[in-house]
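Visitor: Following this message is one structure expressed as structure tokens.
The values are calculated or read from the model by the stated rules, or taken from the named source; none is laboratory data. Predicted model, so just to flag it, every value in this text is computed and none were measured. Cβ: placed from backbone, ideal geometry, glycine included. Neighbour counts: every protein chain shown.
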């Protein structure tokens, strides 16, 4: 019987060869199932479903999300929470954006039944013209303060809070101030971003004068 099946499969006809073939097929199937399970688990761990009855927050950093949820649990509305998230994110997510930059905000107050855009983009200096840069051999390459605009992120936050918020700036900024004063654990993504731009940072004396060194994951 073993010999007949082995010949039909194109083997030499010995039971040992047939057994090895079956073992190889079984091993391949097991490996495939394991890979599929690992992929499914990794995907579920990366983006688990989040559900609730009263509200939800989605942000780029756990501390940003936690700050917004904290505001909601203390009685603040969605706009209070959004401002808190913007402020905390500007501290702990500086590989994405900073408070010295810009912030574009979309709000939907139910009472107004429309979407409003808060354009938190900064103004350029009056004399920051192409001719001014060209005469000095400078470019808008992101180095130094010359290409910078007047920060608009904070103005956007204050505008949202003034028009639709229920809490004070002191209340919604508490966590951002805490992390700025006392630090926060460095996440791997930020560490990698700093490593990629280390030469850029070292060009500024504010880093080199203080003995700046490459941070590691978990450093505060």
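This table checks each residue for (1) surrounded by 12 or more Cβ atoms within 10 Å (Cβ to Cβ); (2) in contact with a strand residue (DSSP E or B) (Cβ under 8 Å, 6 or more places away or on another chain).
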residue: 76; (1), (2): yes, no
residue: 81; (1), (2): yes, no
residue: 105; (1), (2): yes, yes
residue: 110; (1), (2): no, no
residue: 113; (1), (2): no, no
residue: 123; (1), (2): no, no
residue: 130; (1), (2): no, no
residue: 169; (1), (2): yes, no
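Visitor: What's the number of the condition residue 177 fails, among (1) part of a helix (DSSP H, G or I); (2) under 25 Å from residue 106 (Cβ atoms)?
Guide: (2)
Visitor: Which residue, of 66, 153, 59, is within 24 Å of residue 190 (Cα to Cα), in contact with a helix residue (DSSP H, G or I) (Cβ under 6 Å, 6 or more places away or on another chain) and modelled with pLDDT of 85 or more?
Guide: Answer to the check: 59.
Visitor: Checking residue 76 against (1) farther than 18 Å from residue 155 by Cα; (2) in a helix (DSSP H, G or I), only one condition comes out false. Which one?
Guide: (2)
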